[in-house]
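Okay, structure first, notes after.
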Amino acid sequence: MTFETKISGAPVDNGVDTASLIGARAAFEQAPEAASFTFRSSCDWITGTQNRNTLNGYFGLGQEHARKQTFTIASDHPEVFHAADTAPTPPEILLSALASCLTGGLAAVAQHRGIKLHAARAIVEGDIDVRGILGMDPDIRNGFSAIRVRFEISADASDAEIAALVAQSQKRSAVFDMLTNPTNVVVEVA
Amino acid sequence: MKRIQTIVIGAGQAGLAMSHCLSERGIAHVVIERGEVANSWRHERWDSLRLLTPNWQSRLPGFAYAGPDPDGFMSLPQVVRHLSDYARASRAPVEERTRVTSVTIDGGGYRVATDRGDWACRSLVIASGACNLASLPACAAGLPDGIAQFTALQYRGPAQLAAGGVLIVGASATGVQLAAEIRAAGHAVTLAAGEHVRMPRHYRGRDIQWWMDRAGIHDAGHDAVDDPERVRRLPSAQLAGTSERRFFDLNSLQDAGVEIVGRLSAIRDGQALFSGALANCCALSDQKMNRLLATLDEWAERAQPEGLQGIERFAPTRVPNPPRLTQDLTRGKFRTVIWATGFRPDHGWLHAPVFDRKGRLAHREGVVAPGLYALGLPFLRRRNSALIDGVGADAAHLADHIAGTRGRLAA
């Protein structure tokens, strides 16, 4: 049994092209192989814990795509870890990826449901016991033991509708899925 | 080879309803049944199962419950008796103990091969059930040796189980009923819950099925939803056939000492990995239940039925914080795993290009191909298409279609 939120005909603009997304759904129904995408990033070591990712090309819709612009994401560690602190740590980048994924999803779901967003902010926290990565205690994991996201949302919607947006954005989030369910990761040397 | 206008495969509620509707329209037919009438109910369900719908809601074309307890819930022997009485009352021409081995397209009709001879027909109705096979997740293959496993089709009762812990995978009606029963039998029970449908047995003093029926929710057709395929995939609501307890939800199971974990995502190196999305699955389920209750309240406001109690809302689902994310399966915590991860039909005998990309029978409101029909599948035409109470309307609709074409395939 399900009771979906009615898609309203109201002219809502969260800057999301839902019509095209729905069109893509129909196209992928006919040609599911076109829906297989591969994203990539290449990371160059600079010094110490400093390194920089370069992101541009990706595969999708059956072909390679080059972007107009190459993006970079730098990473480092803070001074308390005796590093230069030139950029956020990788776990922080992961937190920001989760927040971005949920926030983007929120806007798309809101648009689909005819809800105008005025403002939305996701505040993400992750708890980590660094004795794990220092190899001090096998019972302590390397990664976050808990991640919390708190959304502050202003929208033309009831509290229940906003809660439903947040739940649906988790349900359809790639990063949320990868953090809550295991992913097979293969690392090799070229 | 015998020839007949129409063949119905399966003598459960769907096949019997279709037989009744065909007889009413004067269409010669035979119902081919691998075992006896109501065979799945006799042999392929656990012992304690009762129908999730009350007795009054077991209406079939030309037949209804006439016993002393319209608000009760039939046990399996009672379901078998109900359907056997129906078969007798409608003089259904059932060929029992006849197993279909293959169906092929044959000129302007279909050839049905059975272990007791072949038939040719102009039209064929597949009414062989929606729950013939247990669906298992891919990770089931990684379960370490030494842990007994049962599908919901193999489970009969707690007496089958070795002493010790039980992991039940899946939190639909099946999973929650088995969790409650096995916990009550003294086992430590862990229930892995992905997306699920929480629902109270009764609301504002009325059974939830009374609401679904009266508010017209069961009758909703494809035009009432944006994606019928998604509705078909929904797990069954967390209900049991008893009015003694309001909920068979995750809260009631936790009260009984059942541990709740997230969906079983993977088994890796002997470790079960449970999803960290449990809290969101519970939030989605609570939201969905509250939207249903709000829909029912709105209907009651308009329809003003008599004798309703006041509007109620229920405490949110309690989520263990943090929930267990891993369990070493080699440590003996679980002696048994029960896969309550859904069912699917078995159409392996059907040799025709009528399946979609995922191997499912493709149909439009039960019409598969010229002269070929399906009945009794989830959301075939309406939300209640797979219920005893809902299959009759679909049977009548498809019988009209058969009568309208009279087996002509040009249509």
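The values are calculated or read from the model by the stated rules, or taken from the named source; none is laboratory data. The structure presented is a predicted model; accordingly, all values stated were derived computationally and were not measured. Here the Cβ positions follow ideal geometry from the backbone for every residue, glycine too, while neighbour counts run over all protein chains shown.
With the structure loaded, tell me whether B:Asp219 is in the same structural domain as B:Asp286 (by TED's automatic domain parsing), part of a loop (DSSP other than H, G, I, E, B) and in contact (Cβ under 8 Å) with a residue 24 or more places away in the chain or whether it fails that test. Criteria met by B:Asp219. All conditions but one from (1) in contact with a strand residue (DSSP E or B) (Cβ under 9 Å, 6 or more places away or on another chain); (2) more than 20 Å from B:Val261 (Cβ to Cβ); (3) outside any loop (DSSP other than H, G, I, E, B) apply to B:Ser243; the one that does not is (3). Say whether the condition of being assigned to a loop (DSSP other than H, G, I, E, B), within 14 Å of chain B (Cβ to nearest Cβ), in contact with a His (Cβ under 7 Å, 6 or more places away or on another chain) and on the phi < 0 side of the Ramachandran plot is met by at least one residue in the range A:88-95. No, every residue in the range A:88-95 fails to be assigned to a loop (DSSP other than H, G, I, E, B), within 14 Å of chain B (Cβ to nearest Cβ), in contact with a His (Cβ under 7 Å, 6 or more places away or on another chain) and on the phi < 0 side of the Ramachandran plot. Can you find a residue that is farther than 16 Å from B:Ala179 by Cβ, basic (Lys, Arg) and assigned to a loop (DSSP other than H, G, I, E, B) anywhere in the range B:311-318? Yes, the range B:311-318 contains at least one residue that is farther than 16 Å from B:Ala179 by Cβ, basic (Lys, Arg) and assigned to a loop (DSSP other than H, G, I, E, B).
For the range B:244-280, residues that are among the small types (Gly, Ala, Ser) and surrounded by fewer than 14 Cβ atoms within 10 Å (Cβ to Cβ) total 3. For the range B:286-295, the count of residues that are farther than 30 Å from B:Glu229 by Cβ, surrounded by fewer than 16 Cβ atoms within 10 Å (Cβ to Cβ) and not assigned by TED's automatic domain parsing to the domain that holds B:Ala386 is zero. The number of residues in the range A:145-190 that are at the interface with chain B (Cβ under 10 Å from one of its Cβ atoms) and touching a strand residue (DSSP E or B) at 6+ places or on another chain (Cβ under 6 Å) comes to 6. Restricting attention to the range B:300-326 and to residues that are without any contact (Cβ under 8 Å) to a residue 60 or more places away in the chain and among the acidic types (Asp, Glu), the residue that is surrounded by the fewest Cβ atoms within 10 Å (Cβ to Cβ) turns out to be B:Glu306. Filtered by the rule that a residue be touching a strand residue (DSSP E or B) at 6+ places or on another chain (Cβ under 9 Å), in a strand (DSSP E or B) and not small (Gly, Ala, Ser), the range B:339-397 gives B:Trp339, B:Phe343, B:Arg344, B:Leu350, B:His351, B:Phe355, B:Leu361, B:Val367, B:Val368, B:Leu372, B:Tyr373, B:Arg382.
Kindly indicate whether B:Ala283 is surrounded by fewer than 19 Cβ atoms within 10 Å (Cβ to Cβ) and within 14 Å of another protein chain (Cβ to nearest Cβ).
Here the answer is no, as B:Ala283 does not meet what is asked.
Per-residue answers, yes or no, for (1) crowded, with 20+ Cβ neighbours inside 10 Å; (2) in contact with a strand residue (DSSP E or B) (Cβ under 9 Å, 6 or more places away or on another chain):
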{"position": "B:Arg91", "(1), (2)": "no, no"}
{"position": "B:Thr104", "(1), (2)": "no, yes"}
{"position": "B:Arg111", "(1), (2)": "no, yes"}
{"position": "B:Cys121", "(1), (2)": "yes, yes"}
{"position": "B:Ala159", "(1), (2)": "no, no"}
{"position": "B:Ala163", "(1), (2)": "no, yes"}
